[in-house]
Amino acid sequence: MARTLLSIYPESTGRYDEMLAAGGKVRPHWQSFFDHLDGASPEQMRHRLAFVQRRIQENGVTYNVYADPKGTDRPWELDPLPLIIPAEEWRQLSAAVAQRATLLNAVLADLYGPQDLLASGLLPPALVYGHSDYLWPCRHVGQPGDTYLHFLAVDLARSPDGRWWAIADRTQAPSGAGYALENRLIVSRVFPDLFRDLKVEHLAGFFRSLQESLAHYAPGDSQGEAPLIVLLTPGPYNETYFEHAYLARYLGFPLVEGQDLTVRGETVFLKTLTGLKRVHAILRRQDDAFCDPLELRGDSALGVPGLLQAVRAGRVLVANALGSGVVESGALLGFLPAISERLLGEPLKMPSIATWWCGEGPALEYACKHLERLVIKSAFPGRRIDPLFGADLKAAEREQVRARLQADPAAYVVQELVELSQAPTWSRIHERRLLARPVGLRVYAVATPQGYRVMPGGLARVAGGTSARVISMQRGGASKDVWVLSDEPVSTFSLLKTSIGAKDVVRGGRSLSSRVVENLFWLGRYSERCDHTSRFLRVALARLVEAGGEPSQALQSALAVGDALGLLPPREVAEAKGSFVPLAERLTRSVFDDSWATGVAANLRRLQWSATQVRERLSLDHWHAINRLSLEMQQTRETRPEPGETLAFLDQSLLALASLAGFTMDNMTRDEGWRFHVVGRRIERLHFLATAVATFLAMEGPERAQGQGGLEWLLELADSSITYRSRYLSQPELLPVLDLLVLDEDNPHSIAFQAQVVGRYLSRLQRELGQPEAAEGEGDLAFLLARLRAVDLGRFAGDVCADCIGCQACDELADLLWALAAATRELSDRLAMRYFTHVGDVSHQIVAA
Amino acid sequence: MQTSRQPPTAPDLPDDGVAYRVTHATEYRYGAAVALSQQLLHLAPRVVPWQLCRAHRLAVGPQPALRLERQDAFGNPVTHLAFDSPHDRLTVLAETEIEVLPRFSPALLRLAGQPWEGWRAALAYRGAEPPPADQLAAAQFAFASPYVHTGPAFAAYAAPSFTPGRGLLAAARDLMGRIYREFEFDPQATTVATPAAEVLAKKRGVCQDFAHLMLACLRSLGLPARYVSGYLLTDPPPGTPRLIGADASHAWVSLYCPGLGWVDLDPTNDLIPDTRHITLAWGRDFGDVSPMRGVILGGGAHEVEVAVTVLPLAESDASGAVAGTTPGDAPHDGPGKESRGRERRQVRSGEDDSRA
């Protein structure tokens, strides 16, 4: 049996093998796992693989390869087999990582403080003063407990002799811990028995330390209030945004963007619906130079102006400390052993991969001489230059590289090529076969008042091929869970299952950030806008198809309303005067062309964008429905559809939009965010209906084609045909149509219904958010609704209106509806002013001489 | 536009210090109300042995919600202001009375200094051997910075001045003279964000550009030099009274010469600063010491007006200058109206370029 499993698993040549010892014997700590795999049936393994993939899709675990609103996230790749590390080995490894963390923290404290390392010659000035990640304004800022690094990662590789080497340090805002957690949740369910029997160390205690440590170092509040800790993300376009959202949820920290925070005086606040809330600590996932446009990079639109001053004043904890990126430089590695002796008084426990900083004469000489077996990297990671492999270079290229090194030696480091160890991965192609892949390990440490604590586990990454030298999630690699075995009973504490007492029960979302609420509001508006735009285009296109391309009277009247609403692209060809675009083409363009700003495609894109912003608040089905709709839009567009096919698409699209409305009613918690979402929907529908009916009434009698289908399409546009037919069983007439579309407060598609609902929700919001005064906008709406209710329908009775020209009853009602549409627009602006952040109004920097 | 170029004459040496009253008025007018604003000011003179600051006042309108004074990482005084109620105008008036003592010696013009390559070699990292304190202090200013990039183009421009074996100071003076002669003073050519490479290509700019360019040249050769921000006394055309508000901020370069210390060089005027130059602050480049740097929320389009007056106190006491516009006047009315030579400018991309 074992032979099948290993039939294409290469015996290691020159690499350390994580699973097999010399002679192909399974290492003791792998034995029971190996036996288990060996005994598992092909069906079992297929199920397991399918389980892994399903969980990843369901949980929406993604890694964005690049930012693109139209692009899709790449699903996270996870190999089900963990990397297993025995207890004794881990003890040494974690002690070495903790020491390294202590050391790097001490280096930062020195560089941003006394700079003894420079004075004693232990570090060259070029690596500090010449490093763009050394942030001068952060000097002498100081950190509580002299802790600069609260959370850091070290990338490790195992050399052929079995020793672990540090190859890089991640000290700014290390990524991957959230993925490690997600990997653990999945893999521990794939092999539950093994996970228990092997006594694998749990991860939750580590994350609790992170919570406790941030709370410990955060500045106290005079009221003894629990500190508010937030997780600062650059936003959904960041490649690891999934992880930011995931960790925020897991740790119980609000996920915020720079614009959600504001500094008043020297204190940081979170903007919430109920006002400003003091923030005591910020776990940041944003690069430090971008965190404060006032003192750091002025061109950053992501930052929080004044943040550094708040840190300086000791009013907020930023973890990791601003400026901590400077010790990520590979050039530091060679200096660490001596620095360790000096600052810690002990030798460095874990060696770094051999690295030479070319700023030293002998190193430059060595680098130029042995280029072919070295990797050339930038000494300053901020510059994001891809590493060059000397072995890949042709003789002429090597000459060029030498010239570059000599021109600016201080900017480069050269490193020995690492032979990574290999670990088994499960083959998806060959049933029941193990593959061998190079593996690297990222481990994490958190600062606690008792010293650094290392996460018992980590994120292992395997290369896509057998001999990749760069392991990167961007280049098709996969990840693995890391199982650290314990020789003692393991703590089964879990952050996920903390029992919650009655006093901990949370309802509603009082500290919803204003940005989230604003996006929910717009998600509502765009959903409704897609709906009525589709509905209008279906009305027009259906009549065009029925009439065989010959515009009927009814169609003409519908088009007049479409033009008034700005839904249709221009009739005239812009370049050639007097040359006209065929109607079918205009209508099709309004459906599919996303460069037409008021069309379905453009609004769908906006809908998807606002959904992305609040993704963590939508159910998976809701999210899928939105994605499916835009996928169908793309696919149908590519087939260059005929009008009939376009109609079919519009039918489908309306169905999908109706299901979005269903998710809203059925799947979302009734908190303030939800109420704003519903108000957004109602406002949009109110504005649309009021404008459409007003435009219809303002037309002169004959133009409306009342007797020739004009009222039919109006009913269809307001999705009220069925109701009308069931009530009246006859041809539509103006009076009952107006009653149904304008006044009937039981019809969810009537104007009065929308106005009444908006009014009700707004007064509830006002009550709950403590807004005493009723602003004019709402007052107008209530006043206009009262006027609407007082309209005397008797004036529209009979056939008088069919041929009326400039009749007063129609004009008056049209004016009232226009006033209602205007009041609605104003109301939307007022809501934005009062409750939302000014998203479009980003802070900007100015400089005067 | 005032001229900040002085004829390169040998300075006639005053025996005593010269006392000045400097007013630096900045006014922002915003198209829409500014909801939040934070400003960092480098408008107070740092303490140096050749300057005696007798008085310094800062008047700010509207009243800031927060005002605090501290030192930046380079030891310059900096004022931090924050405003959190809506305003459509911001005025900052800095008034300084300061005496500048002579520090220039004609010997500096004869002194060549030690060969420049020797100094560069001395700066090289030599392993775990403590570097001399002055080298370490100088090294802070030896590398590229956000506004001063380094590279072969700058080294090549500097090369004719830095010939093998030449004295450091002599070579730097020569470089300063070449920049003065080969570059045109042209306020329209650049903005505060113009990179030194573009200045080198266009051969035009203002004091800030020339200082950045000279720094880029020196640092590309591995020589530490810093950016100095301050003021310069300008002379009105003969026979006309001194105009209030017609001056501007000024900037020059300071080069570290071993044995001598920091020696200032003004490439805009091809001279070694003395009692006509008033030092405010220094750093790696303009970004570290810009007189006013801020972030605002809201505001829309805005206009900014900066008026600087450097008045020798002797003249001021004798009321020789334009009457009725003593610098103590309210900032709201004072500077703009009297600065006849300066028309209002619409500010592009949020940056003002009132530099000399």
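The values are calculated or read from the model by the stated rules, or taken from the named source; none is laboratory data. Note that the coordinates shown come from a computational prediction; the quantities given were computed from them, not determined experimentally. Quick reminder, even Gly has a Cβ in these numbers, built from the backbone with ideal geometry, and neighbours come from all protein chains shown.
Among residues that are away from chain B (no Cβ under 14 Å), modelled with pLDDT of 95 or more and either more than 34 Å from the chain's Cα centre (by Cα) or not in a loop (DSSP other than H, G, I, E, B) (or both), A:Leu185 is not included. For the criterion of being buried (at least 20 other Cβ atoms within 10 Å of the Cβ) and modelled with pLDDT under 95, A:Glu201 passes.
Regarding A:Glu346, is this residue surrounded by 19 or more Cβ atoms within 10 Å (Cβ to Cβ), of a type in the set (Asp, Glu) and part of a loop (DSSP other than H, G, I, E, B)? It is false that A:Glu346 is surrounded by 19 or more Cβ atoms within 10 Å (Cβ to Cβ), of a type in the set (Asp, Glu) and part of a loop (DSSP other than H, G, I, E, B). So, A:Val758, is that one hydrophobic (A, V, I, L, M, F, W, C) and in contact with a Lys or Arg (Cβ under 8 Å, 6 or more places away or on another chain) or not? So A:Val758 passes the test.
Conditions (1) closer than 30 Å to B:Ser290 by Cα; (2) more than 13 Å from chain B (Cβ to nearest Cβ); (3) within 27 Å of the chain's Cα centre (by Cα); (4) without any contact (Cβ under 8 Å) to a residue 12 or more places away in the chain, marked per residue:
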{"position": "A:Leu294", "(1), (2), (3), (4)": "yes, no, yes, no"}
{"position": "A:Val304", "(1), (2), (3), (4)": "yes, no, yes, no"}
{"position": "A:Gln309", "(1), (2), (3), (4)": "yes, no, no, no"}
{"position": "A:Leu332", "(1), (2), (3), (4)": "no, yes, no, no"}
{"position": "A:Ala338", "(1), (2), (3), (4)": "no, no, no, no"}
{"position": "A:Glu360", "(1), (2), (3), (4)": "no, no, no, no"}
{"position": "A:Leu371", "(1), (2), (3), (4)": "no, yes, no, no"}
{"position": "A:Ser378", "(1), (2), (3), (4)": "no, yes, no, no"}
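Residues of region B:107-134 being modelled with pLDDT of 90 or more and away from chain A (no Cβ under 14 Å), which ones? Across region B:107-134, the qualifying residues are B:Gln114, B:Pro115, B:Trp116, B:Glu117, B:Gly118, B:Trp119.
If I ask for residues that are modelled with pLDDT of 90 or more and not aliphatic (A, V, I, L, M), which ones from region B:284-302 would you list? The answer is B:Arg284, B:Asp285, B:Phe286, B:Gly287, B:Asp288, B:Ser290, B:Pro291, B:Arg293, B:Gly294. Scanning region B:96-119 for residues that are surrounded by fewer than 20 Cβ atoms within 10 Å (Cβ to Cβ) and in contact with a His (Cβ under 9 Å, 6 or more places away or on another chain) gives a single hit, B:Glu97.
Of all residues in region A:200-210, one or more are part of a loop (DSSP other than H, G, I, E, B), of a type outside the set (A, V, I, L, M) and either farther than 27 Å from A:Ser94 by Cα or touching a Leu at 6+ places or on another chain (Cβ under 9 Å) (or both).
Determine whether region B:257-277 contains at least one residue that is of a type in the set (Gly, Ala, Ser) and crowded, with 21+ Cβ neighbours inside 10 Å. No: region B:257-277 contains no residue that is of a type in the set (Gly, Ala, Ser) and crowded, with 21+ Cβ neighbours inside 10 Å. Do we have A:Arg315 as in a loop (DSSP other than H, G, I, E, B), within 20 Å of A:Cys138 (Cβ to Cβ), within 13 Å of chain B (Cβ to nearest Cβ) and without any contact (Cβ under 8 Å) to a residue 12 or more places away in the chain here? Spelling it out, it is not the case that A:Arg315 is in a loop (DSSP other than H, G, I, E, B), within 20 Å of A:Cys138 (Cβ to Cβ), within 13 Å of chain B (Cβ to nearest Cβ) and without any contact (Cβ under 8 Å) to a residue 12 or more places away in the chain.
For A:Ala96, state whether it is away from chain B (no Cβ under 14 Å), crowded, with 24+ Cβ neighbours inside 10 Å and hydrophobic (A, V, I, L, M, F, W, C). The answer is no for A:Ala96. Given the criteria of a type in the set (D, E, K, R) and buried (at least 21 other Cβ atoms within 10 Å of the Cβ), does A:Arg442 qualify? Here the answer is yes, as A:Arg442 does meet what is asked.
Every residue, every condition in (1) over 26 Å from A:Val693 (Cβ atoms); (2) part of a helix (DSSP H, G or I); (3) touching a residue at least 12 places away in the same chain (Cβ under 8 Å), yes or no:
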{"residue": "A:Gly562", "(1), (2), (3)": "no, yes, yes"}
{"residue": "A:Leu568", "(1), (2), (3)": "no, no, yes"}
{"residue": "A:Ala584", "(1), (2), (3)": "yes, yes, yes"}
{"residue": "A:Leu587", "(1), (2), (3)": "no, yes, yes"}
{"residue": "A:Asp594", "(1), (2), (3)": "yes, no, no"}
{"residue": "A:Glu616", "(1), (2), (3)": "yes, yes, yes"}
{"residue": "A:Ile626", "(1), (2), (3)": "yes, yes, yes"}
{"residue": "A:Ser630", "(1), (2), (3)": "yes, yes, yes"}
{"residue": "A:Arg637", "(1), (2), (3)": "yes, yes, yes"}
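Those strands (runs of 3 or more DSSP E) of region B:39-95 in which at least 2 residues are buried (at least 20 other Cβ atoms within 10 Å of the Cβ), considering only elements entirely within it, cover B:77-83.
Among the residues of region B:184-192, is any exposed (fewer than 15 other Cβ atoms within 10 Å of the Cβ), in contact with a Lys or Arg (Cβ under 8 Å, 6 or more places away or on another chain) and in the same structural domain as B:Leu223 (by TED's automatic domain parsing)? Checked against the condition, which is being exposed (fewer than 15 other Cβ atoms within 10 Å of the Cβ), in contact with a Lys or Arg (Cβ under 8 Å, 6 or more places away or on another chain) and in the same structural domain as B:Leu223 (by TED's automatic domain parsing), region B:184-192 yields at least one hit.
Take the residues in region A:288-315 that are surrounded by fewer than 24 Cβ atoms within 10 Å (Cβ to Cβ) and in contact with a Pro (Cβ under 7 Å, 6 or more places away or on another chain); name whichever of them is farthest from A:Phe253 (Cα to Cα). Only one residue tops the list, namely A:Leu296.
Taking region B:107-134 as the range and being assigned to a loop (DSSP other than H, G, I, E, B) and either closer than 15 Å to B:Leu255 by Cα or outside the structural domain of B:Asp174 (by TED's automatic domain parsing) (or both) as the test, the residues that pass are B:Leu111, B:Ala112, B:Gly113, B:Gln114. Looking only at residues of region A:128-140 that are at pLDDT below 95 and crowded, with 21+ Cβ neighbours inside 10 Å, we find that the one that is farthest from the other protein chains (Cβ to nearest Cβ) is A:Asp133.
Across region A:111-127, the qualifying residues are those that are crowded, with 21+ Cβ neighbours inside 10 Å and free of Cβ contacts under 8 Å to residues at least 60 places away in the same chain, and the one among them that is nearest to the other protein chains (Cβ to nearest Cβ) is A:Pro125. Would it be correct to say that A:Arg278 is more than 26 Å from A:Gln99 (Cβ to Cβ), surrounded by fewer than 20 Cβ atoms within 10 Å (Cβ to Cβ) and within 14 Å of another protein chain (Cβ to nearest Cβ)? Answer is no for this residue. Of all residues assigned to region A:233-242, at least one qualifies as being outside any loop (DSSP other than H, G, I, E, B) and buried (at least 20 other Cβ atoms within 10 Å of the Cβ). Exactly one residue out of B:Ala216, B:Ala155, B:Ala137, B:Ala172 is surrounded by fewer than 17 Cβ atoms within 10 Å (Cβ to Cβ), more than 9 Å from every other protein chain (Cβ to nearest Cβ) and outside any loop (DSSP other than H, G, I, E, B): that is B:Ala137. Considering the conditions (1) surrounded by fewer than 24 Cβ atoms within 10 Å (Cβ to Cβ); (2) in contact with a His (Cβ under 6 Å, 6 or more places away or on another chain); (3) within 14 Å of chain B (Cβ to nearest Cβ), A:Arg285 is excluded by exactly one of them, (3). Consider region B:28-66 and keep the residues that are within 10 Å of another protein chain (Cβ to nearest Cβ) and within 19 Å of the chain's Cα centre (by Cα). The one that is farthest from B:His277 (Cα to Cα) is B:Gln39. Output the residues belonging to region B:149-171 that are within 24 Å of B:Ala193 (Cβ to Cβ) and of a type outside the set (A, V, I, L, M, F, W, C). Across region B:149-171, the qualifying residues are B:His149, B:Thr150, B:Gly151, B:Pro152, B:Tyr157.
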